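Here's the structure, in structure tokens; my notes come after.
The values are calculated or read from the model by the stated rules, or taken from the named source; none is laboratory data. Remember, predicted model here, so these are calculated numbers, not experimental data. All Cβ positions, even for glycine, are placed from backbone atoms using ideal geometry, and neighbour counts span all protein chains on display. Just the protein is used for accessible areas: all its heavy atoms, side chains included, with ligands, DNA and RNA removed. Shrake-Rupley method; radii C 1.70, N 1.55, O 1.52, S 1.80 Å.
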Amino acid sequence: MKRCHAMGIFLLSAIFAALPLLAQGTTPLGFARDPHYSAGRVVFSFRGNIWQVNEDGSNPRQLTRMDARDIKPRFSPDGQSIAFTSSRGGNPDVYIMPAVSGEPKRLTWHSGNDEVQYWTPDGKRILFSSARGPMAWDSPLYTVGIDGDLPI
């Protein structure tokens with residue numbers, strides 16, 4: 001538990017170190033949310049888009065640029081991809097994109113809310129909660145393959 005707490009403090013410190021760079025000293029920043037760490041990099045959501053910075057706060061980069069709400073970015077176990085939740089299709093669905101930036105690929109198409117939680121350890125599937133199925137109010141967990149197969 002102490003290790004998780006220490007990692008959370010570390011991630012938030014990296015984000016707060018990057019915030020002045022993102023604002024370039026002119027615009028006040030709102031909330032930076034949903035941080036996730038991998039190999040010296042931190043991804044997070046900020047003002048409805050996905051951003052990435054180095055762990056020391058340097059090299060801030062905006063990875064998505066949409067009017068939609070992009071949230072909950074999660075690095076794949078190998079750090080090469082980022083899964084995230086986006087409402088760019090009308091309601092929250094699961095998307096994946098290269099960690100270095102690129103075009104996001106939509107993986108779920110359900111009319112209920114699908115929200116990224118994490119990756120499976122082998123990096124082949126993404127774990128997400130969803131408002132689908134007979135017990136939708138409990139947000140049951142599903143996985144979807146990175147190729148966009150049917151969720152299970």
Q) When only residues in segment 86-101 that are touching a residue at least 40 places away in the same chain (Cβ under 8 Å) and under 13 Å from Tyr118 (Cα atoms) count, which is surrounded by the most Cβ atoms within 10 Å (Cβ to Cβ)? A) Val94
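Among Gly112, Gly79, Gly89, Gly133, which is the only one that is part of a loop (DSSP other than H, G, I, E, B) and modelled with pLDDT of 95 or more? So that I can check it myself, show each step before the final result.
Values: Gly112 fails: modelled with pLDDT of 95 or more; Gly89 fails: modelled with pLDDT of 95 or more; Gly133 fails: modelled with pLDDT of 95 or more.
Criteria check complete, one pass: Gly79.
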Q) Do you know which residues across segment 104-148 are touching a residue at least 40 places away in the same chain (Cβ under 8 Å), within 15 Å of Asp93 (Cβ to Cβ) and hydroxyl-bearing (Ser, Thr, Tyr)? A) Thr108
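Do you know which residues across segment 49-76 are open to solvent by less than 70 Å² (accessible area, probe 1.4 Å), of a type outside the set (Phe, Trp, Tyr) and closer than 14 Å to Tyr95 by Cα?
Residues of segment 49-76 open to solvent by less than 70 Å² (accessible area, probe 1.4 Å): 49-54, 57-58, 60, 62-64, 68, 70-76.
Still in the running and of a type outside the set (Phe, Trp, Tyr): 49-50, 52-54, 57-58, 60, 62-64, 68, 70-74, 76.
Selection gives Asn49, Ile50, Leu63, Thr64, Ala68, Asp70, Ile71, Lys72, Pro73, Arg74, Ser76.
Can you spot a residue in segment 92-103 that is in a loop (DSSP other than H, G, I, E, B), of a type outside the set (A, V, I, L, M) and farther than 21 Å from Phe46 by Cβ?
Of the residues in segment 92-103, the ones in a loop (DSSP other than H, G, I, E, B) are 92, 99-103.
Narrowing the set further to residues that are of a type outside the set (A, V, I, L, M) leaves 92, 101-103.
Filter again for farther than 21 Å from Phe46 by Cβ, leaving none.
For segment 92-103, residues in a loop (DSSP other than H, G, I, E, B), of a type outside the set (A, V, I, L, M) and farther than 21 Å from Phe46 by Cβ: absent.
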Q.
Consider segment 102-140. How many of its residues are open to solvent by 20 Å² or more (accessible area, probe 1.4 Å) and either more than 17 Å from the chain's Cα centre (by Cα) or over 19 Å from Pro73 (Cβ atoms) (or both)?
A. 14
